[in-house]
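Inspection log for the structure reproduced underneath, given as C-alpha coordinates.
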Amino acid sequence: MTEPIFSVKIRERFGNNIIESYEASGIYTFIIDKDSIVQVCTFLKEDKDLQFNYLTDICGVDYHPETPRFEVVYHLYSIPFRYRLRLKCRLEETERISSVTGVWKTANWHERETYDMFGIRFDGHPDLRRIYMWEGFEGHPLRKDFPLRGYRDDLNPYGEEK
(Lines give C-alpha, C1' and ligand atoms only; values in the text may rest on other atoms or scores of the structure.)
Protein backbone atom coordinates (compact mmCIF):
# COMPACT_ATOMS: atom_id res chain seq x y z
CA MET A 1 0.00 0.00 0.00
CA THR A 2 1.35 3.41 -0.97
CA GLU A 3 1.86 5.85 1.88
CA PRO A 4 -0.66 8.71 1.59
CA ILE A 5 0.51 12.25 0.91
CA PHE A 6 -0.38 13.49 4.40
CA SER A 7 1.87 10.86 5.97
CA VAL A 8 4.77 11.79 3.67
CA LYS A 9 4.32 15.53 4.36
CA ILE A 10 4.13 15.03 8.13
CA ARG A 11 7.32 12.96 8.10
CA GLU A 12 9.14 15.52 5.93
CA ARG A 13 8.11 18.53 8.02
CA PHE A 14 7.98 17.08 11.55
CA GLY A 15 10.21 14.00 11.44
CA ASN A 16 12.14 15.08 14.54
CA ASN A 17 8.88 15.48 16.50
CA ILE A 18 7.48 12.03 15.65
CA ILE A 19 7.97 9.48 18.41
CA GLU A 20 6.18 6.61 16.67
CA SER A 21 3.83 6.02 13.76
CA TYR A 22 1.74 3.16 12.48
CA GLU A 23 -1.27 2.28 10.34
CA ALA A 24 -4.19 0.17 11.53
CA SER A 25 -7.47 -0.46 9.69
CA GLY A 26 -6.60 2.24 7.16
CA ILE A 27 -6.08 4.99 9.74
CA TYR A 28 -2.61 6.43 10.19
CA THR A 29 -1.55 7.33 13.71
CA PHE A 30 1.34 9.59 14.69
CA ILE A 31 2.55 9.82 18.26
CA ILE A 32 4.19 13.21 18.43
CA ASP A 33 6.02 15.33 20.96
CA LYS A 34 3.44 17.27 23.00
CA ASP A 35 5.29 20.55 22.50
CA SER A 36 4.68 20.46 18.74
CA ILE A 37 0.92 19.78 18.78
CA VAL A 38 -0.17 23.29 17.77
CA GLN A 39 2.38 23.52 14.94
CA VAL A 40 1.47 20.08 13.58
CA CYS A 41 -2.29 20.77 13.75
CA THR A 42 -1.91 24.19 12.12
CA PHE A 43 0.11 22.65 9.29
CA LEU A 44 -2.42 19.84 8.79
CA LYS A 45 -5.31 22.29 8.59
CA GLU A 46 -3.69 24.98 6.43
CA ASP A 47 -1.69 22.91 3.91
CA LYS A 48 -3.58 23.04 0.58
CA ASP A 49 -2.80 19.38 -0.18
CA LEU A 50 -4.12 18.15 3.17
CA GLN A 51 -6.88 20.41 4.54
CA PHE A 52 -7.65 18.57 7.77
CA ASN A 53 -10.46 21.03 8.40
CA TYR A 54 -12.59 18.90 10.72
CA LEU A 55 -11.55 18.02 14.26
CA THR A 56 -13.73 15.00 14.94
CA ASP A 57 -12.75 14.47 18.56
CA ILE A 58 -10.18 14.92 21.30
CA CYS A 59 -10.12 12.40 24.11
CA GLY A 60 -7.90 11.19 26.90
CA VAL A 61 -6.55 7.77 27.81
CA ASP A 62 -5.31 6.83 31.29
CA TYR A 63 -2.60 4.16 31.46
CA HIS A 64 -2.24 4.27 35.25
CA PRO A 65 0.05 2.97 36.81
CA GLU A 66 2.30 3.20 33.71
CA THR A 67 4.33 6.26 32.82
CA PRO A 68 3.67 8.41 31.02
CA ARG A 69 0.23 8.13 32.54
CA PHE A 70 -1.91 9.95 29.98
CA GLU A 71 -2.36 10.17 26.26
CA VAL A 72 -4.32 12.90 24.47
CA VAL A 73 -5.78 11.63 21.19
CA TYR A 74 -6.84 13.89 18.31
CA HIS A 75 -9.05 12.48 15.53
CA LEU A 76 -8.85 14.56 12.34
CA TYR A 77 -10.67 14.43 9.02
CA SER A 78 -10.08 16.17 5.71
CA ILE A 79 -13.49 16.77 4.18
CA PRO A 80 -12.22 17.60 0.66
CA PHE A 81 -9.84 14.63 0.44
CA ARG A 82 -11.55 12.17 2.80
CA TYR A 83 -8.39 11.47 4.79
CA ARG A 84 -8.57 10.28 8.39
CA LEU A 85 -5.70 10.79 10.78
CA ARG A 86 -5.04 10.23 14.45
CA LEU A 87 -2.49 12.20 16.49
CA LYS A 88 -1.43 11.18 19.99
CA CYS A 89 0.61 12.97 22.64
CA ARG A 90 1.81 11.32 25.83
CA LEU A 91 1.82 13.22 29.12
CA GLU A 92 2.95 12.64 32.66
CA GLU A 93 0.32 13.29 35.32
CA THR A 94 1.55 16.81 36.11
CA GLU A 95 2.29 17.88 32.51
CA ARG A 96 0.12 20.19 30.44
CA ILE A 97 -0.43 20.40 26.69
CA SER A 98 -1.16 23.44 24.54
CA SER A 99 -4.72 24.09 23.45
CA VAL A 100 -5.62 23.76 19.76
CA THR A 101 -8.67 26.04 20.08
CA GLY A 102 -6.80 28.55 17.90
CA VAL A 103 -6.74 25.97 15.11
CA TRP A 104 -10.27 24.53 15.46
CA LYS A 105 -12.89 26.34 17.56
CA THR A 106 -14.64 23.05 18.35
CA ALA A 107 -11.57 22.01 20.35
CA ASN A 108 -13.00 24.20 23.12
CA TRP A 109 -15.63 21.61 24.07
CA HIS A 110 -13.43 18.57 23.47
CA GLU A 111 -10.64 19.93 25.65
CA ARG A 112 -13.09 20.85 28.40
CA GLU A 113 -14.47 17.31 28.38
CA THR A 114 -10.95 15.84 28.54
CA TYR A 115 -10.08 18.17 31.41
CA ASP A 116 -13.28 17.34 33.30
CA MET A 117 -13.03 13.56 32.94
CA PHE A 118 -9.22 13.09 33.20
CA GLY A 119 -7.83 16.29 34.72
CA ILE A 120 -5.57 16.96 31.72
CA ARG A 121 -4.89 20.70 31.50
CA PHE A 122 -4.68 22.62 28.22
CA ASP A 123 -2.51 25.74 28.28
CA GLY A 124 -4.04 28.69 26.46
CA HIS A 125 -7.59 27.36 26.58
CA PRO A 126 -10.03 30.31 26.69
CA ASP A 127 -12.37 28.81 29.33
CA LEU A 128 -11.04 25.59 30.87
CA ARG A 129 -13.70 24.55 33.35
CA ARG A 130 -15.84 21.51 33.99
CA ILE A 131 -18.41 20.60 31.37
CA TYR A 132 -20.19 17.56 32.90
CA MET A 133 -19.40 17.59 36.60
CA TRP A 134 -20.29 20.49 38.89
CA GLU A 135 -17.56 22.88 40.02
CA GLY A 136 -17.41 21.46 43.57
CA PHE A 137 -16.96 17.87 42.35
CA GLU A 138 -13.71 16.31 43.55
CA GLY A 139 -11.69 14.15 41.20
CA HIS A 140 -11.91 13.12 37.57
CA PRO A 141 -14.25 10.16 36.92
CA LEU A 142 -12.45 8.52 33.99
CA ARG A 143 -9.12 8.20 35.77
CA LYS A 144 -8.32 4.58 36.54
CA ASP A 145 -7.66 5.38 40.20
CA PHE A 146 -11.10 7.00 40.66
CA PRO A 147 -13.33 4.70 42.77
CA LEU A 148 -16.07 2.92 40.82
CA ARG A 149 -18.72 4.16 43.24
CA GLY A 150 -17.19 7.61 43.56
CA TYR A 151 -16.29 9.27 46.85
CA ARG A 152 -18.66 9.37 49.81
CA ASP A 153 -20.36 12.72 50.40
CA ASP A 154 -23.85 14.14 51.14
CA LEU A 155 -25.10 13.14 47.68
CA ASN A 156 -23.41 9.74 47.57
CA PRO A 157 -23.62 7.74 50.83
CA TYR A 158 -22.35 4.55 49.10
CA GLY A 159 -19.04 5.93 47.83
CA GLU A 160 -15.57 5.27 49.20
CA GLU A 161 -13.98 7.39 51.90
CA LYS A 162 -11.51 9.99 50.64
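The values are calculated or read from the model by the stated rules, or taken from the named source; none is laboratory data. None of these values were measured; they are calculated from a predicted model. FYI the Cβ positions are ideal-geometry reconstructions off the backbone, even for glycines, and counts take in every protein chain you see. Please note that ligands, DNA and RNA were not included when accessible areas were found on the heavy atoms of the full protein model with its side chains. Shrake-Rupley method; radii C 1.70, N 1.55, O 1.52, S 1.80 Å.
Suppose the filter is open to solvent by 30 Å² or more (accessible area, probe 1.4 Å) and of a type in the set (D, E, K, R); does residue 135 pass it? Yes: the conditions hold for residue 135. Within the range 79-87, is even one residue aromatic (Phe, Trp, Tyr) and touching a strand residue (DSSP E or B) at 6+ places or on another chain (Cβ under 6 Å)? Within the range 79-87, none of the residues are aromatic (Phe, Trp, Tyr) and touching a strand residue (DSSP E or B) at 6+ places or on another chain (Cβ under 6 Å).
Being in contact with a Lys or Arg (Cβ under 7 Å, 6 or more places away or on another chain) and either outside any strand (DSSP E or B) or buried (at least 17 other Cβ atoms within 10 Å of the Cβ) (or both) is not true of residue 77. Assessment of the range 124-134 against the conditions (part of a loop (DSSP other than H, G, I, E, B), modelled with pLDDT under 90, more than 15 Å from the chain's Cα centre (by Cα) and closer than 22 Å to residue 69 by Cβ) yields no matching residue.
Considering only residues that are of a type in the set (D, E, K, R) and assigned to a loop (DSSP other than H, G, I, E, B), look in the range 83-121 and name the one that is modelled with the lowest pLDDT. Going through the qualifying residues, I end up with 93.
Could you list, in sequence order, all residues of the range 105-115 that are within 13 Å of the chain's Cα centre (by Cα) and not polar (S, T, N, Q)? Answer for the range 105-115, where residues must be within 13 Å of the chain's Cα centre (by Cα) and not polar (S, T, N, Q): 107, 109, 110, 111, 112, 113, 115. The residues in the range 6-52 that are surrounded by fewer than 16 Cβ atoms within 10 Å (Cβ to Cβ) and either under 12 Å from residue 78 (Cα atoms) or in contact with an Asp or Glu (Cβ under 6 Å, 6 or more places away or on another chain) (or both) can be counted, and the count is 3. Among the residues making up the range 5-53, those that are among the hydroxyl-bearing types (Ser, Thr, Tyr) and either in a strand (DSSP E or B) or more than 23 Å from residue 95 (Cβ to Cβ) (or both) are 7, 21, 22, 25, 28, 29. Of all residues in the range 105-117, exactly one satisfies the criterion of being open to solvent by less than 20 Å² (accessible area, probe 1.4 Å) and more than 11 Å from residue 58 (Cα to Cα), namely 116.
The selection criterion, being in contact with a Gly (Cβ under 7 Å, 6 or more places away or on another chain) and assigned to a strand (DSSP E or B), does not hold for residue 61.
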